[in-house]
Amino acid sequence: MTKRFDVLIIGAGPGGYVCAIRCAQLGLKVAVVERRDTLGGTCLNVGCIPSKALLHVSERFHEAQTHFAEMGIVGCTPRIDIAQMMAFKQQVVQANVRGLASLFKKNGIEHIDGNARIVAPDVVEIRGGAKGRGKAKKVQAGAIVIATGSAPAPLPGVEVDGERVITSTEALSLPEVPASLAVIGGGVIGLELGSVWRRLGAEVTIIEYADAILPGWDADIAKTLTRELKKRGAKILTGRAVTAARADNGAALVEMRQRNSGGNDKAETLRAERALLATGRRPFTDDLGLENVGIKPDEAGFIPVNDAFETACKGIYAIGDVIGQPMLAHKAEEEGMALAALLAGQKEHALVNYAAIPSVLYTLPEAASVGFTEEELKAADVAHAKGTFHFMANGRARAMNATAGFVKILAHKDTGRLLGAHILGPMAGELIHEVAALLARQATATDLAHACHAHPTLSEAVREAALAAIDRPIHA
């Protein structure tokens, strides 16, 4: 007998598993199909979680090497044990994966191992899977949710072999510190993984097509972070179009052309032990059977949906990376929660405030952003006020020996309503949420400035920037 569920979710990443858990909590019968051997998708297995473990280790190693002596911690010469570092990373991953499996069991969610293919508006065929178990079977569902996430995006001319020319997946599990690493792409993935291996001793070169790293981010953050990364030994080449990358006699050879060089694009080559392709991700919709139900991805490969996350086929929904930018785990989670509410008939709880979704870059220093950038406001001719405060003037940052960076608050010139915040500095990824919460509630810079902040804390820098935005700076 064919099994039937109220909701069948394809993909157990952040969007899929959050949607599944919430649907189950709201009384729906739920199953999740996952092609991987473990739950959690890219984020838990080969993305957000393992990369943060390696970033944490490499930051502590860097601090011990460069700052311990000046703080009075002497007599220790640390070395990195790659095997143990990777074991630590895997322990972190496994703990998260086991926790997710427990949540599925607790909430009565059925986990189906296999590759899902939609064959009708309410039928999914499941074959094989990571474990390769069992025969093909069909499952029926009142609602089908596509939450298959994304995969590393290819770049013409770049020949990924997984050994010399690698993606983020291989970069998280290198057996040794490469003598040199060429990173193709100066966005979040490239800067984070480049930072890991630079701090562990690799000679790292970041190659970015745009004229500055972090395209789309606040320009002051990109400029200041470029300076900080260079201080830490990274080489940064901007305005370069990579035309080819391939394995070559035990190394990686990267070919590029220098853009904006007076009309004469200068050819350059770079030889490194390994090259990391980090030019972004593409929506993963391979072999889902979309053509069987009249769903056609757009030119960028994303699945079009309406305000209720429903695709062109009634009863089939999509969330997360497969439906468009920003391709962030927490954005997928928000959409999963909203869709669960819709499927359970709770429309009043089906809200996603896209204007208040923060982004975080876990370099050293960290960078975080929410809302509009200053460049976007200028382009749209929005009258705005700006307040900036540097961590150099923050007592807690000085005590932590972490004074690089600043907080920038943007507010509407007339109403004072918060429009955006951009932070580069210690714990930026945590500090940004104070502003995100207020921005989501349409609060003003005055609301933020008048909230008492404990002293001494890093969060005082956020308040100081808000005070500067309303022209009442204290420590200017």
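We did not get these values from a lab; they are worked out from the coordinates using the rules stated. Keep in mind it's a predicted model, so treat the numbers as computed, not measured. Positions of Cβ are backbone-derived with ideal geometry, glycine not excepted, and every protein chain shown enters the neighbour counts.
A few remarks follow.
- Cα convex hull volume per residue for the stretch 255-413 (Å³): 253
- Classification of the stretch 165-279 by its C-alpha gyration tensor yields an oblate form. The axis ratio a/c (a ≥ b ≥ c) is 1.5 or more, and b/c is at least a/b.
- Distance from the C-alpha centroid of the stretch 342-371 to that of the stretch 229-286: 31 Å, rounded to the whole angstrom.
- A Förster distance of 22 Å, applied to the separation of the beta-carbon atoms of Ala383 and Gln325, puts the FRET efficiency at 0.25.
- Local net charge near Pro78, Cβ-Cβ under 13 Å (Lys/Arg +1, Asp/Glu -1): 0
- Debye, to nearest 20: dipole size of the chain, +1 on Lys, Arg Cβ, -1 on Asp, Glu Cβ: 900
- Cβ crowding within 10 Å ranks Cys43, Cys452, Cys23, Cys313 as Cys452, Cys313, Cys43, Cys23, fewest other Cβ atoms first.
- Stretchable slack from Arg60 to Ala355, in nm (0.36 nm times residue separation minus alpha-carbon distance): 102.8 nm
- The chain: DSSP helices with Cα axial extent of at least 20 Å and average Kyte-Doolittle hydropathy no lower than -0.5: 48-66, 82-106, 329-343
- Straight-line reach from Lys408: taking Cα to Cα under 12 Å and skipping same-chain neighbours fewer than 8 places apart, the aspartates and glutamates in range are Asp218, Asp220, Glu374, Glu464.
- Annotation for the stretch 297-313 versus the stretch 176-223: alpha-carbon center distance of 32 Å.
- Neighbour-count ranking [beta-carbon atoms within 10 angstrom, fewest first] of Tyr354, Tyr209: Tyr354, Tyr209
- When the convex hull of its Cα atoms is viewed from all sides, the chain shows a mean projected area of 25.7 nm².
- Eligible lysines near Lys137 by straight Cα distance, threshold 20 Å, same-chain separation 8 or greater: Lys3, Lys29
- Only Cα pairs under 8 Å and 6+ residues apart enter the sum, and on that basis the relative contact order of the chain stands at 14 percent.
- By the rule of a second cysteine Cβ within less than 4.7 angstrom, the chain holds isolated cysteines at Cys19, Cys23, Cys76, Cys313, Cys452.
- Taking one quarter of the surface of the convex hull spanned by the alpha-carbon atoms of the stretch 73-192 gives a direction-averaged projected area of 13.1 nm².
- Look at the dipole of the chain built from charges on Cβ: of Gly233, His62, Gly324, the Cα furthest out on the positive end belongs to His62.
- Straight-distance candidates among the lysines for linking to Lys413, with alpha-carbon spacing under 25 Å and chain neighbours fewer than 8 residues away dropped: Lys378, Lys386.
- Length released on extending from Ala210 to Asp414, taking residue separation times 0.36 nm less the Cα-Cα span: 70.0 nm
- Residue-count net charge about Val18 - beta-carbon cut-off 10 Å; Lys, Arg +1, Asp, Glu -1: -2
- Size-normalised alpha-carbon gyration radius of the stretch 356-469, reference 2.2 N^0.38 Å: 0.98
- Relative contact order (%) - criterion: Cα under 8 Å, at least six apart; region: the stretch 301-343: 32
- Within-12-Å neighbourhood charge of Arg417 [Cβ basis; K, R +1; D, E -1]: 0
- For Met71, Met256, Met392, order by how many other beta-carbon atoms lie within 10 Å, fewest first: Met71, Met392, Met256
- Relative contact order of the stretch 115-237, pairs being alpha-carbon contacts under 8 Å that are 6 or more residues apart, as %: 15
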